1. If each of Arg266 and Ser408 carries a label point 7 Å out from its Cα toward its Cβ, how far apart are those two points in nm?
2. Taking each pair of distinct Cα atoms in the range 350-476 once, what is the resulting Kirkwood hydrodynamic radius in Å?
3. Once the piece of chain linking Asp398 and Gln357 is laid out straight, how much longer is it, given 0.36 nm per residue of separation minus the C-alpha distance between them?
4. Any chance you could tell me what percent of the C-alpha pair distances in the range 267-369 go past 17 Å?
5. Using 28 Å as the Cα-Cα cut-off, could you pick out the over-long pairs in Lys197/Lys310; Lys197/Lys239; Lys35/Lys452; Lys75/Lys452; Lys35/Lys62; Lys67/Lys465?
6. If you average 1/r across every pair of different Cα atoms in the range 134-230 and take the reciprocal, what Kirkwood value do you get, in Å?
7. For the range 246-311, with equal point scatterers placed on the C-alpha atoms only and solvent neglected, what are the log10 I(q)/I(0) values from the Debye formula at q = 0.15, 0.16, 0.20, 0.26 1/Å, to two decimals?
8. Would you calculate the convex hull of the Cα atoms in the chain and tell me its volume per residue in Å³?
Amino acid sequence: MESATSILLLLAVISIFILLIKFAAQKKKTTMNHKVPPTVSYSLPIFGHGIYICFYPRQFLKHCYSKHGDVFQVKIFSRLVTIVCNRDLVSEICSSSETELSFYNHLERTFVGMANGLKISTRASIIRKATVKIGSRQMGYSILPDAYEFVDRLKFQSQNAKDKIDLKLEISRFVIKATASALLGIEFTDAMVEEFKTYASLQNISAMATRALPIQLARLLFSTRLNMRMNHIWTALEKQIALYREDSSLRESQVLRAAVDAVNDRTQSPLTDHEITCVLMGLLFASTGNTSLCILHTILEISKNPECLKRVLKLVDLSFDSGDVTDILNSDYLHYCILEAARLNTNIILVERMPEQKKYIGNYYVGHCDLVAIAGTLNHVDGSAQQSFLHPHDFNPDRYVENQQLQSQVMSWGAGGHACSGRLFAIVMTKLLVANFLKNFSLNLRSTSVSKPNFRYPTAFVDLKVLAKLDERNIE
C-alpha cells in the first residue's frame, strides 16, 4: 500500500514537472526573443493595483517608473495594463492601425458604447467627416456670442454674488452651449444644459465602473439610466433632425448633415433619430469635458505667470480694440500657452489600446495584456518627460518657439490615426474664451481656492474645482 502511494506520488511529481517544462517552453515560444514587461509588485486580490491608482495615482506611477523603468505592467482591478512612457514605443503605438491596436474595441468595453447599438467606427467616421469641413475662422465667429454671454454672466455674479464663482461650472456651461450651437446649429436651453451635464456625469461614473466591473454588469447598471437621460434631449432634437431629413441641401450643421446621410454598418439602413442622437451626444460628451478643463487650466497657468500674462494681455487688448479676433485665432504664442497648460495638467493615462493583431511593442510582448496605455504624467511632466522637455515642471510656452517639434510630443488630444478630430475646434474655443476672460477679468489668486487634482475621471486633462474671486479690469 505504501509502495503504491509512493509510486503515485512520484508520478504526480513527474507530471507536474513535465507540465511546468511545457508551460515554460510554450511561454518562451510565444514571446520569441521578446521580453514580457516587468510586473509591479504588491497586487492585491480582486483589486490588483486599482486602489493605489484610485488614491495615489501620480505618486504610484512615479514609483513604478523609478523601480521598473519606462515600460511596466499593472493590474487595474480585472484588467492587465502595460503602461508605456518610452518615446520610441509611444511613437510605435500611435502609428499602429486599428486592426493592430484597437481604440474602438476599447471604447466599446467602456463608456462610449454603453447606451446604443451603433458601432463606434460609424460614429467616429461621421464626426471626422463633419469636423474637417469646418474652418477655424467660421468656428471662431460662431462661438463669439456665447463667449460674450459668458463674460456678462461672470460680471453679474462678481458684482452680486456673495460667494466665490465656480469657474469650472461656468466654463462648462459655456462650452456645452457653444459646441451645440457651432457644431449642431442648436441652441441649448439652460434645462438642456443641466440634463446634458447629468448625462455626462453618469457617463464618467460608468467609465470608472467598467475598470472594476465586468462590462455586462456595468451595462446592466448604467444603460437604462443613460438612455433615459439621452431620451430627454432626444425630444428636443427631433424637429432639427426632421428638417435635415426633409431638406438634403441643409448644411448649417455639417455634423447633422453627415449623421442624417450616414448608414448603420450593422443594419445597412439610414440612422434612426435615436442613433443620430447617440452620435450627437457622443460628440458633445467627448468634446465638452476636455475642452472645459483645457480652458480652466489655461486661465490658471497664464494668471500664475506674470510675464506670460503681460504678453497675452497685450495681444488681447489690441485685438479687441480693433474689433477683429483674427489675431487671437492666429496667435502662435497663445497656442503655445494652451499646449503648455495641457502638458502640465495631463491625466495619468492619455491613450489606451487593446492588442489585436499586434502582439509586440518594440522588444516587449504585450499579447497577454488587456490594454496598452500611454502614460500622460510620465511622458509630459514626470518620469521620461525630461528627455523631451527641459525643466518639465516649469510653465514655459517659449519652449515650443525654440523647438517646434515639441508640439507633437504633447498628446492631450491623442496622436496618430486616432488623434482627436475636434482638436482644432477645441483650441479655437479655448483661445477665444481665454482671451475674452482675460480681457475683462483678473483672477485674484490669493482669494481663489483650487482643489487637489482629481485623476480618477477618464478625461485627458486632470479634473479641478476652482472657486474664483474675480476682479474686473479697468479698461480705458
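Derivation of every value follows stated rules applied to the coordinates shown; laboratory data play no part. All values reported here derive from a predicted model rather than from experimental measurement. In this analysis, Cβ positions are derived from the backbone assuming ideal geometry, glycine residues included, and neighbour counts consider all displayed protein chains.
1. With each label point 7 Å from Cα toward Cβ, the separation is 3.8 nm.
2. When all Cα pairs of the range 350-476 are included, the Kirkwood radius is 18.0 Å.
3. 10.7 nm
4. 71 percent
5. Lys197/Lys310; Lys35/Lys452; Lys67/Lys465
6. 15.7 Å
7. -0.64, -0.67, -0.84, -1.09
8. Hull volume over Cα atoms, normalised by residue count, gives 181 Å³.
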